[in-house]
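Okay, structure first, notes after.
The values are calculated or read from the model by the stated rules, or taken from the named source; none is laboratory data. Just so you know, these numbers come straight off a predicted model, no measurement behind them. Heads up, the Cβs are rebuilt from the backbone with ideal geometry, glycines too, and the neighbour counts pull from every protein chain shown. Ligands, DNA and RNA are excluded from the accessible area calculation, which covers all protein heavy atoms including side chains. Shrake-Rupley method; radii C 1.70, N 1.55, O 1.52, S 1.80 Å.
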Amino acid sequence: MYELITKKKKGVELSTEEIKYIVEGFTKGDIPDYQMSAFCMAVIFNGMTDRETSDLTLAMAESGDVVDLSCFGDKSCDKHSSGGVGDKTTLIVAPIVASLGGVVAKMSGRGLGHTGGTVDKLESIPGYRTELTPDEFMSVSEKCGLCVCGQSGNLAPADKKLYALRDVTATVDSIPLIVSSIMSKKIAAGSKNIMLDVKCGSGAFMKTPEDAKRLAEGMEEIGKRCGRNTKALITNMDVPLGFAVGNSLEVIEAIEVLKGKLCGDIREVSVCLAAGLVANLKGIDTESAKALCEKAIDDGSALSKFRQWIALQGGDVSVIDNTELFPAAKYAYEIKADTDGYISHMNAEKIGLCSCELGAGRKTKTDIIDLSAGLVLSKKTGDFVKCGEEIARLYTNKEDSLAKAEEVFMSALEFSERKPEAAELIIDKVE
Ligand code: URA
């Protein structure tokens with residue numbers, strides 16, 4: 001390992017065998033954390049070639065369970081978001097794609113910090129089971145072309161161990177390390193078609209379009225090298241997506257989109273992500289695929305697929321017809337504008353932190369969250385507000401969290417006399 005660290009320090013390219021040796025040795029515990037940290041720091045400074053990155057990705061993907069979706073041929077689809085606020089697109093994209101013949105058999109994660117996670121959102125549906133046996137996972141996927149469960153304990157364990165180490169050694173922010181970390185989990189999850197949503201802006205991991213593009217290009221390249229049809233969109237996360245932030249509130253909003261009752265940014269981003277996968281499945285161009293996705297919402301087929309899916313995973317589908325049946329938070333509190341003007345900026349990260357404060361998110365991995373807590377925006381960036389008008393409504397079961405949450409929320413807002421220019425929703429694409 002000493003020699004390999006030295007090689008990387010000098011910028012020498014490592015062979016496939018050398019990278020395998022590092023990943024296997026580290027996963028088994030033969031290579032100690034201090035040597036692996038030194039190696040990661042050398043990668044931070046000297047980077048990795050695409051070949052090295054794809055070898056690292058494959059070695060980490062193969063370090064644990066690899067899901068076999070080969071029975072679905074080229075139809076298996078996955079979607080990954082680099083993390084945002086109010087991002088409930090999986091709940092909309094998955095049923096659209098499944099209603100059009102794809103098989104979305106995927107594992108999702110939980111929320112941490114200001115960003116939410118699909119598994120938490122789904123658990124807000126009474127009865128929905130996120131922990132499935134491998135047989136149940138395959139059976140639900142076969143029956144309805146759609147299954148979403150929590151990540152198996154042994155998916156890419158090398159990444160789990162490495163990410164924990166990078167987190168405490170200031171070695172997270174390296175494109176090859178981020179690419180291999182994210183893509184190893186996607187490759188191990190088994191889907192042939194992968195759609196990546198790289199978020200960009202104040203609520204995202206990547207703050208600038210340039211950084212987001214570098215990450216998107218890196219992931220697309222490695223996905224293709226590993227034999228997966230991979231595409232990426234870079235989408236705006238400078239303001240929360242949609243109006244709702246918080247678990248059950250976001251599921252309710254996704255249901256509204258699937259019912260065709262809500263348009264705007266959340267429907268547009270979801271349709272564009274779904275279209276990337278549908279274009280692959282049907283061998284058509286993205287515009288034609290978009291039209292099919294819009295139709296799947298308008299004719300109710302995506303909503304029926306959603307209903308079938310939720311029922312198969314044990315969820316109570318009566319909440320779909322009557323969203324008031326979702327458990328509600330005890331306290332609702334209106335935030336009112338303290339000035340007249342246009343909202344010129346709404347810091348998405350701070351809005352996510354406000355939702356956390358109300359109980360909807362985790363500050364540490366072991367925190368218990370309140371699935372009914374969160375907030376619903378009444379106004380977003382670009383809207384005019386009058387002093388005293390409602391900007392958002394906060395929901396919580398912890399009355400004493402409201403004052404701090406309001407303070408965090410207000411610190412996210414900037415006002416101006418002039419209407420700000422509308423930001424691009426789909427910033428770029430890589431395919
Ligand atoms: N998310 C991941 O899964 N890995 C990284 O390295 C960064 C973000």
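Of the residues screened, Ile266 is one that is under 25 Å from Ile297 (Cα atoms) and crowded, with 24+ Cβ neighbours inside 10 Å.
I'd like the full set of residues that are more than 15 Å from Gly315 (Cβ to Cβ), more than 16 Å from the ligand (Cβ to nearest atom), open to solvent by less than 50 Å² (accessible area, probe 1.4 Å) and not hydrophobic (A, V, I, L, M, F, W, C), limited to region 125-152.
Step one: filter region 125-152 for residues more than 15 Å from Gly315 (Cβ to Cβ), giving 133-135, 137-139, 141-142, 145, 151-152.
Then keep just the ones that are more than 16 Å from the ligand (Cβ to nearest atom); that gives 133-135, 137-139, 141-142, 145.
Those left that are additionally open to solvent by less than 50 Å² (accessible area, probe 1.4 Å): 137-139, 141, 145.
Listed by number, the residues that qualify are Ser139, Ser141, Gly145.
Conditions tested, residue by residue: (1) farther than 15 Å from Leu177 by Cα; (2) modelled with pLDDT under 95; (3) open to solvent by 70 Å² or more (accessible area, probe 1.4 Å).
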| residue | (1), (2), (3) |
| --- | --- |
| Glu3 | yes, no, yes |
| Gly25 | yes, no, no |
| Lys28 | yes, no, yes |
| Met48 | no, no, no |
| Thr57 | no, no, no |
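Out of all the residues in region 153-169, which are in contact with a helix residue (DSSP H, G or I) (Cβ under 8 Å, 6 or more places away or on another chain) and more than 9 Å from the ligand (Cβ to nearest atom)? Those that are in contact with a helix residue (DSSP H, G or I) (Cβ under 8 Å, 6 or more places away or on another chain) and more than 9 Å from the ligand (Cβ to nearest atom): Leu155, Ala156, Pro157, Ala158, Lys161, Leu165, Thr169. In the set Glu210, Glu221, Glu294, Glu287, only one residue is in contact (Cβ under 8 Å) with a residue 60 or more places away in the chain and acidic (Asp, Glu); that residue is Glu221. For region 81-107, taking the residues that are assigned to a strand (DSSP E or B) and β-branched (Val, Ile, Thr), the one that is surrounded by the fewest Cβ atoms within 10 Å (Cβ to Cβ) is identified as Val103. Determine whether region 167-180 contains at least one residue that is within 22 Å of Thr49 (Cα to Cα) and in the same structural domain as Ile92 (by TED's automatic domain parsing). Within region 167-180 (the criterion being within 22 Å of Thr49 (Cα to Cα) and in the same structural domain as Ile92 (by TED's automatic domain parsing)), the answer is no, since none of the residues qualifies.
Say whether the condition of being over 16 Å from Ser184 (Cα atoms), among the hydroxyl-bearing types (Ser, Thr, Tyr) and in a helix (DSSP H, G or I) is met by at least one residue in region 20-36. Yes: region 20-36 contains one or more residues that are over 16 Å from Ser184 (Cα atoms), among the hydroxyl-bearing types (Ser, Thr, Tyr) and in a helix (DSSP H, G or I). Every condition in (1) at pLDDT 95 or above; (2) within 11 Å of the ligand (Cβ to nearest atom) is met by Glu220 except one, and the failing one is (2).
Could you grab me the full set of residues in region 415-431 that are more than 26 Å from the chain's Cα centre (by Cα) and open to solvent by 100 Å² or more (accessible area, probe 1.4 Å)? Of everything in region 415-431, those that are more than 26 Å from the chain's Cα centre (by Cα) and open to solvent by 100 Å² or more (accessible area, probe 1.4 Å) turn out to be Glu417, Arg418, Lys419, Glu421.
For every residue, the table says whether it meets (1) basic (Lys, Arg); (2) over 30 Å from Glu414 (Cα atoms).
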residue: Cys149; (1), (2): no, yes
residue: Leu155; (1), (2): no, yes
residue: Asp159; (1), (2): no, yes
residue: Lys186; (1), (2): yes, yes
residue: Gly190; (1), (2): no, yes
residue: Gly201; (1), (2): no, no
residue: Arg228; (1), (2): yes, yes
residue: Phe243; (1), (2): no, no
residue: Ser248; (1), (2): no, no
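Number of residues in region 202-230 that are closer than 19 Å to Met183 by Cα, under 15 Å from the mean Cα position of the chain (by Cα) and crowded, with 21+ Cβ neighbours inside 10 Å equals 6. May I ask you to list the residues in region 207-246 that are among the acidic types (Asp, Glu) and either in contact with a Leu (Cβ under 6 Å, 6 or more places away or on another chain) or not in a loop (DSSP other than H, G, I, E, B) (or both)? Hits for region 207-246 are Glu210, Asp211, Glu217, Glu220, Glu221.
Return a yes/no flag: does region 115-124 have any residue that is among the β-branched types (Val, Ile, Thr), closer than 14 Å to Met237 by Cβ and within 16 Å of the ligand (Cβ to nearest atom). The answer is yes, given that some residue of region 115-124 is among the β-branched types (Val, Ile, Thr), closer than 14 Å to Met237 by Cβ and within 16 Å of the ligand (Cβ to nearest atom).
In region 185-201, of all residues being open to solvent by less than 10 Å² (accessible area, probe 1.4 Å), over 15 Å from the mean Cα position of the chain (by Cα) and under 20 Å from Ala279 (Cα atoms), the one that is nearest to the ligand (Cβ to nearest atom) corresponds to Ser191. Residues in region 152-184 that are more than 17 Å from Lys213 (Cβ to Cβ) and under 16 Å from the mean Cα position of the chain (by Cα): Ser181, Ser184.
Going by what's in this entry, would Lys75 be described as at pLDDT 95 or above, in contact with a strand residue (DSSP E or B) (Cβ under 6 Å, 6 or more places away or on another chain) and within 16 Å of the ligand (Cβ to nearest atom)? Judged against the criteria, Lys75 is not a match.
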